[in-house]
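Some notes on the structure that comes next.
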Amino acid sequence: MESVQTRTSQDKDPDQEYRVRLTSKGKATELMNSCSEVLRSALDGQPELPEETRRVLLEELLANFEAAVRLNVLVGGQRWDEAPDLEGEEVVDLEGLLDDTILETTGKRYSYPKRILSHVVHALKAERKILVG
């Protein structure tokens, strides 16, 4: 008789990544901050705890939460610490930028010929003087 090997979920693909994939570190930070506010209120219903103990437990709770998020998140395919911090950059709306550029160019096409017409006439007159003169 042949033995049948059963595969567990760990045996299927040892290289499979089970981390949450994100595209923006800024959005993840915003979500962590909002969840941190909820965690801050977690110990409010414990009046028997001394204030110092409550403060220490809250700090540990927040630190563990942030560490767990950072360990279990991939930002753009990279670990949290390796991912670039793009908080200073805004996401560019390419369609809006293109629309603005088209409008600006259209306005220039309309107004610039009127502005340069006198200069072109002056240059043509000067060229004609040189050729005739």
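What follows draws every value from the coordinates through simple rules; no lab data is involved. It should be emphasised that the depicted structure is a prediction, and the values quoted were computed from it without experimental measurement. Don't worry about glycine lacking a Cβ; one is built from the backbone with ideal geometry, like all the others, and counts go over all protein chains shown.
Computed over the alpha-carbon pairs of segment 39-125, the distance histogram in 5 Å steps reads 2, 10, 9, 8, 8, 8, 8, 7, 6, 5, 5, 5, 5, 4, 4, 3, 2, 1, 0, 0 percent, short to long.
Assuming 0.692 mPa s and 37 °C, estimate D for segment 18-89 with Stokes-Einstein, Rh taken as the Kirkwood radius over Cα pairs, in µm²/s. Show your work: numbers first, answer last.
Working: Rh = 13.6 Å.
For these conditions, the coefficient is 241 µm²/s.
The length gained by stretching the chain between residue 20 and residue 52 to full extension, at 0.36 nm per residue less their Cα-Cα distance, is 8.0 nm. Over all orientations, segment 92-133 has a Cα convex hull whose mean projected area works out to 3.9 square nanometres. Between residue 99 and residue 72, the simple label model (points 7 Å from Cα in the Cβ direction) yields a spacing of 4.0 nm.
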